[in-house]
Amino acid sequence: MSKPALSPEAFAEQRLKKRHAAERRFKLYGQLAIGIAISFLAILLVSISSKALGAFSRHMLVVTIDQSELSQRPELTVSDLNLAVRDALLEEFPEIAADRQARIELFGLTTRLAVLPLTEEAQDDPNLFEGPVETRLALSDDLDLYLKNNIKDHESREVGRAGRFAADTSGMFRLTDADPDGFVDFQEFVEALPAPNTDILISLSGAWFELLDVAGAALELKHMAGALPDLGEQNAGRIEAIILPSSSENRKVSNRQIVFGMMLQERGKIQYRFNQSLFSNSDSTYPELAGAAAALVGSLFTMLITALFAIPVGILAAVYLEEFAKKSLLTNVIEVNINNLAAVPSIIFGLLGAAVFLNTFGMPRSVPLVGGLVLGLLVLPTIIIASRAALQSVPPSVRDAALGLGASHSQAVFHHVLPLAAPGIFTGAIIAMARALGETAPLLLIGMVAFISEVPRSPSDEATVLPVLIYKWFSGAERAWEPMTAAVIIMLLTILVGMNLVAILLRRRFERRW
C-alpha cells in the first residue's frame, strides 16, 4: 500500500526539520574540526615547551680561585684561567691528584671555553685576583643533562655494615661484611639486575667506589672519589649503594663524573640557576655556552630593513594601483603578476637575492641588509594585496564627499581614504612581517647560516636569524642541542604571537564598520 499523501503543512514541517537537522550536523562538524585543530596545536605546544624547559635553566659549577700571582700577569689568557680552575678542582678532590685518568674526568666537568666571561672580567679589572674570586662556570652539557634527567632515577639501597677494608696489589679494594651472613641478600639483588645495563656505586665513610663484583661476604671495589677510609676494621660503618639507571658504555658521563657531580652538589659547589647565557651569549660549538643573542639582534636588524623597504613601497604601490592608475592592459598584467608573486615559493626569492644583490651588486653575504631586502621582496606582494583590500573597503561615498567639498583627488585619497584604511593596511603589514620573521630558505641561500660568534652592531655586520639558528641547532649531533632548539622555537613563537596580537588589537581599536 502506498503511503498517504502529506498535507502541505506537514510536508513543509518535515522539510524544516530536515534543514534544522542538517544545520545542527554542519555546526557539529565545524566544532569537531576546530576541536581537532586546537588539540593538535596544544599537543605541539606542550611537546615543544616540555623539551624547552631544560634549556631555560642549567647547572653551574662554583669555583673559588685564590691565586694572587694571576694579578701580576700583564694579560691573562684562557689557558691561565683554566689552569687555575683545575687547581681549584683538585683542592676539592686531592685524593685523585696522582691518578691521571681521574684528573681528566674531573677537568671534563666544564669545558675549556667556560672561563671566557672570567677572562673578559679580568681584562676590565686588573686587580680582580688580588684576593679569592668565586666564579660560576657552565657545567658540561652531558653532565648537566644527566643531573636534570637521570639523577632522579637513581635507586638507593642499604647494603650492610662494613667489616674489614683492605687493598690488593692491583689497586682495587675488598670490603667484607660485619654480619656473619655476608652480603647474601645484596648479591641476590645484584644478580637479579640487568647486569649489562646497570652500574652500582658504593658509599663508605664519605668515599665512593664502583662495585666490580660481589661474592658472598666480600665486595670488590674500585675507588672513584673521596678520602679513602683507613685500612682495617671499619667498626660496622654503614654501606650504601646507588644503582645507576644505565651502564657507562651507554652514556657519555662516566661513573666517576657522576660521583664528582653528586659530591659537589652536596658541598654546594653545583648550583641550579636560570640560564641567562641563552639570551646573552652568541652561538658556540659547545651547547652549554651557546646563546641566541646574535640571532635575536640579527632578526631585529633584518626585520627593520624589511619594514623600511617593503611597507612604504607596498603601501604606495597599492595606493597608486587602486586610486590613481587607469585600467589598462599594463595595469592588468601588473595585478596578475603581483597575485602570482604572492604564491611563489620563498626559496625562489632567495635565488633572486643571491643573483641580484650578491652576484650583480656585490653586496656582502650573511648581513641583515641583504636579508632584509630579500625578505622585503618576498612580502611585498602580500602588503600590496592587503593594502588594496583595505582601500577597497572604504565606501565610495567618502571619496565622493571629499571631492564634492572641493578636495583634489590626491587630498581625498591621502586625507580621507588612506587614514580610514590604515587599520587594515597596518594589520596586513604586520602579518606580512610575521611571515618574513619565520622564513628560513631565502636566508640560507644568501649565506645567513654562517657561524656568528659576536652580536651584530649594525645591519652591515654578519648575522643570523632565529629560524636559521633553529635549523642549525636542530642538525647538531649532541643531545643538548634538542632543548636549546626547542627554547629558540618558543622565543620565535612568542614574537610571532605578539606580532599577530598587535595586528588584532590595531584592527579592533581603529577599525570602522560601514
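Listed values, structure above:
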item	result
Which numbered condition E191 fails, given (1) modelled with pLDDT of 85 or more; (2) more than 26 Å from L90 (Cβ to Cβ)	(1)
Neighbours by Cβ (under 7 Å, 6+ apart or cross-chain): first from the range 154-172, closer than 13 Å to A218 by Cα; second loosely packed, with under 12 Cβ neighbours inside 10 Å	R164/G232; F165/L231; F165/G232; A166/L231; A167/L231
First in the range 17-39 and of a type in the set (S, T, N, Q), second anywhere and not in a helix (DSSP H, G or I), Cβ under 7 Å, 6 or more apart	none
Only listed residue being within 25 Å of A503 (Cα to Cα), more than 22 Å from the chain's Cα centre (by Cα) and of a type outside the set (D, E), chosen from P419, P459, P467	P419
Flag for L221 being in contact (Cβ under 8 Å) with a residue 40 or more places away in the chain, farther than 17 Å from N235 by Cα and in contact with a strand residue (DSSP E or B) (Cβ under 6 Å, 6 or more places away or on another chain)	yes
Any chance L375 is over 33 Å from the mean Cα position of the chain (by Cα), in the same structural domain as P442 (by TED's automatic domain parsing) and assigned to a helix (DSSP H, G or I)	no
Given (1) under 30 Å from L443 (Cβ atoms); (2) out of contact with any Pro (no Cβ under 8 Å at 6 or more places or on another chain), index of the condition L369 fails	(2)
Extreme residue, modelled with the lowest pLDDT, among residues of the range 446-471 that are surrounded by fewer than 20 Cβ atoms within 10 Å (Cβ to Cβ) and farther than 18 Å from L304 by Cα	A450
The range 431-456: number of residues that are assigned to a helix (DSSP H, G or I) and over 17 Å from the mean Cα position of the chain (by Cα)	11
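Rundown of residues vs (1) surrounded by fewer than 17 Cβ atoms within 10 Å (Cβ to Cβ); (2) free of Cβ contacts under 8 Å to residues at least 60 places away in the same chain; (3) among the aliphatic types (A, V, I, L, M), yes/no style:
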{"position": "E288", "(1), (2), (3)": "no, no, no"}
{"position": "A295", "(1), (2), (3)": "no, no, yes"}
{"position": "G298", "(1), (2), (3)": "no, no, no"}
{"position": "A318", "(1), (2), (3)": "no, no, yes"}
{"position": "L329", "(1), (2), (3)": "yes, yes, yes"}
{"position": "V336", "(1), (2), (3)": "yes, yes, yes"}
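The values are calculated or read from the model by the stated rules, or taken from the named source; none is laboratory data. Here the structure is a predicted model, which is why all the values come from computation and not from measurement. So basically every Cβ, Gly included, is an ideal-geometry build from the backbone, and we count neighbours across all protein chains shown.
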